[in-house]
């Protein structure tokens, strides 16, 4: 079953896949800012819950180790009780001592095996959780970087278009006033000379 973060990343990828391409471009798309902001906001809200979930998995390491310690202590306690019972019987003192040592040794080995297995299991769970979380964050990093690049390219295109429109408007206005421009270029002295000639 996929996590909520994986589902959201899938949604973002589907959204980007379905965006219209920028005309005459093979790698640029038109992104609706409100839609992508909503998806990223939802992803931002779900990420802490997902991290808590994996922190809980990691914290289970302590529970596993505590269970192992409890089992080991119980085995040692039971072995100690058996040892005391055997030693208290004077007729079989030597045999009881040997048996008690064997029981304690076996209990210690079993306890160590339980602790070792619990430690390995807990470390594996921790490493799996950290690897998964790192993969999720790497995917999110790629998506946000791509969104930033797309937004920057769209902004540069907008500025270029506005500058073109501005130049066209200036040119059109200049064409509306050709007589005024010629008079302005002639200057006041040429006007006086013209009046003087008349």
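So how tilted is helix 33-87 from the main axis of the chain? Cα-based, degrees 0 to 90, rounded to 10.
So the helix axis and the longest Cα principal axis differ by about 10 degrees.
Using only the Cα atoms of region 40-112, build the gyration tensor, take square roots of its eigenvalues as a ≥ b ≥ c, and label the shape rounded, prolate or oblate: rounded if a/c is under 1.5, else prolate if a/b is larger than b/c, else oblate.
prolate
Summing -39500 (n - 2.57) over the DSSP H runs of n ≥ 4 in the chain and dividing by its residue number, what mean residue ellipticity at 222 nm do you reach, to the nearest 500 deg cm²/dmol? Don't skip to the answer; put the middle values down first.
Working: 5 runs with 173 residues, N = 198.
Calculated at 222 nm, the ellipticity per residue is -32000 deg cm²/dmol.
Pairing the Cα long axis of helix 93-176 with the longest principal axis of the chain, what angle in degrees results, from 0 to 90 and rounded to the nearest 10?
For helix 93-176, the angle is close to 0 degrees.
Taking the Cβ-Cβ separation of residue 35 and residue 131 as r and a Förster radius of 41 Å, what is the calculated FRET efficiency to the nearest 0.05? Write down the numbers at each step before the final one.
Working: r = 31 Å, r/R0 = 0.76.
Calculated transfer efficiency: 0.85.
If I model a spin label as a point 7 Å beyond the Cα along the Cα-Cβ vector, how far apart are those points for residue 138 and residue 88 in nm?
6.3
Given q = 0.13, 0.19, 0.21 Å⁻¹, what are the Debye log10 I(q)/I(0) values for region 4-153, with equal point scatterers placed on the Cα positions and solvent ignored?
Debye intensities relative to I(0), on a log10 scale: -0.75, -1.07, -1.18.
For residue 149 and residue 120, compute 0.36 nm times the residue count separating them, minus their Cα-Cα distance, and round to one decimal in nm.
This chain segment gains 6.1 nm when fully extended.
With labels modelled as points extended 7 Å from the Cα through the Cβ direction, what inter-label distance (nm, one decimal) is found for residue 66 paired with residue 16?
4.3
Test of understanding: in a Gaussian network model of the chain with alpha carbons linked when under 10 Å, which of 131, 170, 94 would top the mean-square fluctuation ranking?
Comparing 131, 170, 94 in a Gaussian network model of the chain, the most mobile one is 170.
Classify region 1-82 from the C-alpha gyration tensor, please: rounded if a/c falls under 1.5, else prolate or oblate depending on whether a/b exceeds b/c.
Taking the square roots of the gyration eigenvalues as a ≥ b ≥ c, region 1-82 is prolate.
When the Cα centres of region 139-179 and region 1-45 are compared, how far apart do they sit, in Å?
Region 139-179 and region 1-45 have Cα centres spaced 24 Å from each other.
Give the whole-number value, in cubic angstrom per residue, of the convex hull volume spanned by the C-alpha atoms of region 74-170.
65
Compute a Gaussian network model of the chain, connecting alpha carbons closer than 10 Å, and tell me which residue from 165, 54, 132 fluctuates the most.
Top of the fluctuation ranking is 165.
Values in this text are rule-based calculations from the coordinates and carry no lab data. From a predicted model like this one, the values you see are computed outputs, not experimental measurements. Note that each Cβ is placed from the backbone with ideal geometry, even for glycine, and that neighbours are counted across all protein chains shown.
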